[in-house]
Amino acid sequence: FLYSKLLLVFFWTRDLCQNIDVLRSVNLVGGLVVFPFILALFKRFNSAQFLTVNIIAQPLLFTYYFLFYTDIWSTILIIWSVGLVLIKPLTTKRCCFSALVGFASLWFRQTNIVWLAFVASMVIDRRIVLERGQNITPIGRAGLFIKRLFKDYVKVIPFAVNFILFLMFLKINGGITLGDNENHEISIHLVQIFYCFTFIVMFTWPVWLQLNTLVQYGQFLFGNFGLNLAFNSVSFVTIRYIINNYTIVHPFLLADNRHFTFYIYRKLIAHKYSEFIAIPLYHFSTWAIVTTLLKSKRLALSPITVVTFIGATCLTLIPSPLFEPRYYIVPLIIFRLFSKPASKVRSVYEFVWLNLINIITILVFMKYEIIWESEGESIQRIIW
């Protein structure tokens, strides 16, 4: 609405607002103009943490700059909400603004409510850091977190208001989904979290993967006099159980050949020997994400906020029966913003890798044309 009014001011014609290209430009302007300003909030703390162009070029985002989807602005607003609580001093006024921005994001994607819980946890954790510093044991930090939650309850109230309003929405709407409730029923799709972690690892590996990473993973698997081996053996068995019992194949996944997930499922996930690759891949991806987040120093998530990050990711993805990479955008961006590159040159590797993927997806989009009988002669194309 605001965007259409702005166009009227500059162009003095209502026809522009009925043009599909103008509608799509809402996301393009958001991604290329607004998002860099939001990312500047994170640059204040460590300018070497990421290149802004690399965040903008993330393939899952890049596709939707040219389409009229809600994901771009949903992501921008949530990342803005996160960035606001990093700024010093962390005042009640700033927390209110962060919660208000988060409230706006709910109009684009209702599941963002769980990311507001993550932001609220960051508020408390940042207060601990500003008062006591980073050198606190995980157990000590947990105790301080509970105490600080009650001491700084005024700063959390704006987020609590969002949760109350969201509960009211659920009551009035009869569920979380606006629109097609029948095809978006809540389920227990546990394997979805592993899909997400695999995507995150695939898009970010140039940043953190090195020989030392693999050595550390080997130590995690077999170190500590066999105790790690026992723990990880149970983890592997658990992952296999989740794959066999909590993999949901949505009818849309099988029927819609306009998305890469259709081909990923048919060629990879549904292969009879896929679990021999999937189990160790899911295990490594989970380990890599947690350890990478804990390694970052200046712009870092604490053990508590890593837990809330994982929790928010799970609550967002597990109830969804549809294998949909768009749902991975927010955890992917947050992970990348809080991940420290292994060296300065890694950002260059990342730039090349991400844009190679973007070029391939563009070529697929332009080259492959799909005709559905139900759509007449309308040409369908492949996207994420």
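The values are calculated or read from the model by the stated rules, or taken from the named source; none is laboratory data. This is a predicted model, so every value here is computed, not measured. Cβ atoms come from the backbone with ideal geometry, glycine included; neighbour counts cover every protein chain shown. Protein only, heavy atoms only, side chains kept; ligands, DNA and RNA dropped before computing areas. Shrake-Rupley method; radii C 1.70, N 1.55, O 1.52, S 1.80 Å.
Separation of region 251-268 and region 330-384 by C-alpha centroid, Å?
Using only Cα atoms to place each centre, the spacing works out to 16 Å.
May I ask you to evaluate 6.51 cos²θ - 1.76 cosθ + 1.60, the Karplus curve with θ = phi - 60°, for each residue of region 32-45 and list the ³J(HN,Hα) values in order in whole Hz, giving x for glycine and proline?
9, 10, 7, 4, x, 5, 5, 5, 4, 4, 6, 5, 4, 8
Suppose accessible area is computed on protein heavy atoms with a 1.4 Å probe; arrange Ser47, Ser320 from highest to lowest. If you can, show how the numbers build up before the last one.
Numbers: Ser47 80, Ser320 20 Å².
Per-residue accessible area, sorted high to low, gives Ser47, Ser320.
From the protein chains alone at 1.4 Å, what is the descending order of accessible area for Leu144, Leu254, Leu60, largest first?
Numbers: Leu144 35, Leu254 100, Leu60 5 Å².
My answer, sorted largest first, is Leu254, Leu144, Leu60.
Which residue, Ile124, Ile329, Ile360, has the most motion in a Gaussian network model of the chain that connects Cα atoms within less than 10 Å?
Checking each option, the largest mean-square fluctuation is seen for Ile360.
Just Gln192, Gln219, Gln49 to compare: in a GNM of the chain, with alpha carbon springs under 10 Å, which one fluctuates most?
Ranking Gln192, Gln219, Gln49 by mean-square fluctuation puts Gln219 first.
May I ask for the percentage of alpha-carbon pairs in region 75-208 that lie more than 17 Å from each other?
Tail of P(r) above 17 Å: 67 percent of Cα pairs.
Of the candidates Leu293, Leu322, Leu229, which one comes out as most mobile in a Gaussian network treatment of the chain with C-alpha springs shorter than 10 Å?
Leu229
Give the accessible area for Thr111 in Å² (nearest 10); use a 1.4 Å probe, count only protein heavy atoms, and leave out ligands, DNA and RNA.
Rounded to the nearest 10, that gives 40 Å².
Let me cross-check Ile279: its accessible surface, 1.4 Å probe, with only protein heavy atoms counted, in Å² to the nearest 10?
Counting only protein heavy atoms, Ile279 exposes about 20 Å² to solvent.
With θ set to phi - 60°, apply the Karplus curve 6.51 cos²θ - 1.76 cosθ + 1.60 along region 158-168 and write out the HN-Hα couplings as whole Hz, x wherever there is a Gly or Pro.
Those phi angles translate into x, 6, 4, 4, 4, 5, 5, 4, 5, 4, 5 Hz.
Taking amide H atoms as placed 1.01 Å from N in the peptide plane, list the residues 5 or more away in sequence, or in a different chain, whose amide H sits under 5 Å from that of His259.
Placed amide hydrogens put Ile383 under 5 Å from His259.
R0 = 35 Å: FRET efficiency of Asn212 with Glu275, Cβ-based, nearest 0.05?
0.75
Can you pull the accessible area of Met168 for me, 1.4 Å probe, Å² to the nearest 10?
Taking all protein chains as shown, Met168 has close to 100 Å².
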